[in-house]
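These notes concern the structure reproduced below.
The values are calculated or read from the model by the stated rules, or taken from the named source; none is laboratory data. No experiment lies behind these values; they were computed from the predicted model shown. So basically every Cβ, Gly included, is an ideal-geometry build from the backbone, and we count neighbours across all protein chains shown.
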Amino acid sequence: MFHPAVSIYHSEGFRGADMRGIETHGGRPAAKDTVGGIVARARAAQRAFERSTQAELDMAVLAAGWAIMNPGRNRALAGLAVRDTGLGVAADKENKNHRKTLGLLRDLKGAVSTGVLAEYPEKGITEIARPVGVVAAVVPSTNPGATPANNIINAIKCGNAVIVAPSPKGYGTAALLVEYVHAEFDRIGAPRGLVQCLPAPVTRELTGELMRQADLVVVTGSQNNVRAGYSSGTPCLGVGLGNVAVIVDESADLADAAAKIMVSKTFDNATSCSSENALIVHQAVYEPMIAALEREGGVLLSPSEKETLQKAMFPAGKLSPAVTAQPVRAICAVAGLTRPELAAAKCLMVEETGTGAAHPFSGEKLSPVLALYRAPGFDAALATLRAIYEYQGNGHSCGIHTREDAQVARLGREMTVCRVIVNQAHAIANGGNFDNGLPFSLSMGCGTWGRNSISENLNYRHFMNVTRIVRVIPERRPSEEEIFGEYWKRHGRQR
């Protein structure tokens, strides 16, 4: 049981620490000095915190989790996120904050993150979990509450301190979340310096300096930020660009597939990098699948409407912020689409045949707009899938709705993606769900295909160093015959 009165948390005098008192030079603090003060406070708190027992670490994890899952606070964070960023849906963000945090806490319950991780007597090796130190968490405006909460909880689980670098638009939400974490830390006697936020206004200079001074950088969001993280000189966990495409083959349960796709595609106005951007549908079920999607709230645009939408969504070939994470009615207003049926649509659908820059609907749209491709068979569908990912999204994830395991196996063997989501709502499943085994996360590694250092969902193990104690064991030295015997039999033994 956790006893804050005797906790090491009180012994270092950190309780109630905040970000006031930063020295300034000439009115505005220099980025190096500002960040240096914050990092120094984090290091002092972390040095005490890393001596915590597993029970104390886990109590701090629960405190950070309750900071966002408390219903009143969750509602406030979700509402503020939408008001400040103009992105997404408050109710969906509230749902995401709750579900993602609850799932993460489930994953972490009982997980060992300090002390002995494993012992291998036959190898003479003992593995000991150690913290990484101070984590710089660079988080996006699309998830200004859920993503920093995920990073904070994972970092705290392993005895680290974490400093959040929010996007300018998401600053208010991230800063409020940190206030809530501090309030919960006060209840258990944990040092506030463990979780901090860069001061407003957050600038590239501040974020860049934080990346340089931290011990580990975790970046979720724009590829510019990811590249900056990798070039900062600090070990970095960055994630890749999403552009999920999903195959619907002739064996699929179309009604089930359409319902799941529409739930996923419209959730939080498609802010998720795991939201479906394109469907590749077997021609035998193409028309029925469109009908199924229409029953779920999709509306197929005419060629002329598609052209109108493309001009509004991709001026100069780049996705417009005016449509990003907006509802259909707002997108139609921006584009000047006035057909009455569009007013009640949940999602706009456009038919597409090409891929690449000349066909911008083949890329990530971050909005409830879905591209539809027709394929005469699975080989053709796979070829289209590859072409889409050669343009955008390589390494991230793909999906399939099918009853044929052979099709699933081919995607696993042949597609350059780190996750293949089968018969599920992709944006809900890809970051972990209660009915699949992926870790709950808002940051999906894309492997070398996506120019990332990890190929799995970001999780607490990425916030941990491992020290190995190595003892002498009985020697087992093989003979050359044991190693090369089969090779010599097949190919001879030349001297």
Residue satisfying condition, being touching a Lys or Arg at 6+ places or on another chain (Cβ under 9 Å) and not in a strand (DSSP E or B), within set ALA155, ALA149, ALA200, ALA174
ALA149
I'm trying to understand the selection: among the residues of the stretch 388-413, which are more than 24 Å from the chain's Cα centre (by Cα) and in contact (Cβ under 8 Å) with a residue 24 or more places away in the chain?
THR402, ARG403, GLU404, GLN407, ARG410
Considering the stretch 445-470 alone, what residues qualify as being outside any loop (DSSP other than H, G, I, E, B) and either in contact with a helix residue (DSSP H, G or I) (Cβ under 8 Å, 6 or more places away or on another chain) or acidic (Asp, Glu) (or both)?
TYR460, HIS462, PHE463
Confirm whether GLU305 is surrounded by 17 or more Cβ atoms within 10 Å (Cβ to Cβ) and outside any helix (DSSP H, G or I).
no
How many of the residues in the stretch 94-140 are crowded, with 24+ Cβ neighbours inside 10 Å, in contact with a Ser or Thr (Cβ under 9 Å, 6 or more places away or on another chain), more than 29 Å from LEU366 (Cβ to Cβ) and β-branched (Val, Ile, Thr)?
0
All but one of (1) in contact (Cβ under 8 Å) with a residue 40 or more places away in the chain; (2) farther than 16 Å from LYS265 by Cβ; (3) surrounded by fewer than 17 Cβ atoms within 10 Å (Cβ to Cβ); (4) within 28 Å of the chain's Cα centre (by Cα) hold for LYS346; state the number of the condition that does not hold.
(2)
Say whether the condition of being assigned to a helix (DSSP H, G or I), of a type in the set (A, V, I, L, M), more than 21 Å from the chain's Cα centre (by Cα) and at pLDDT 95 or above is met by at least one residue in the stretch 84-94.
no
Unique residue being part of a helix (DSSP H, G or I) and either at pLDDT below 95 or surrounded by fewer than 17 Cβ atoms within 10 Å (Cβ to Cβ) (or both) when the list is ILE428, ILE473, ILE483
ILE483
Pull up the stretch 209-230, narrow it to residues that are among the polar types (S, T, N, Q) and surrounded by fewer than 24 Cβ atoms within 10 Å (Cβ to Cβ), then point me to the one that is nearest to ASN143 (Cα to Cα).
SER222
When you scan the stretch 417-429, do you find a residue that is farther than 27 Å from SER222 by Cα, of a type in the set (S, T, N, Q) and in contact with a Gly (Cβ under 9 Å, 6 or more places away or on another chain), even just one?
yes
Looking at ALA259, ALA183 in this structure, which one is surrounded by fewer than 20 Cβ atoms within 10 Å (Cβ to Cβ), modelled with pLDDT of 95 or more, assigned to a helix (DSSP H, G or I) and in the same structural domain as ASN70 (by TED's automatic domain parsing)?
ALA183
Identify, from the list ASN150, ASN143, the residue that is surrounded by 24 or more Cβ atoms within 10 Å (Cβ to Cβ) and at pLDDT below 95.
ASN143
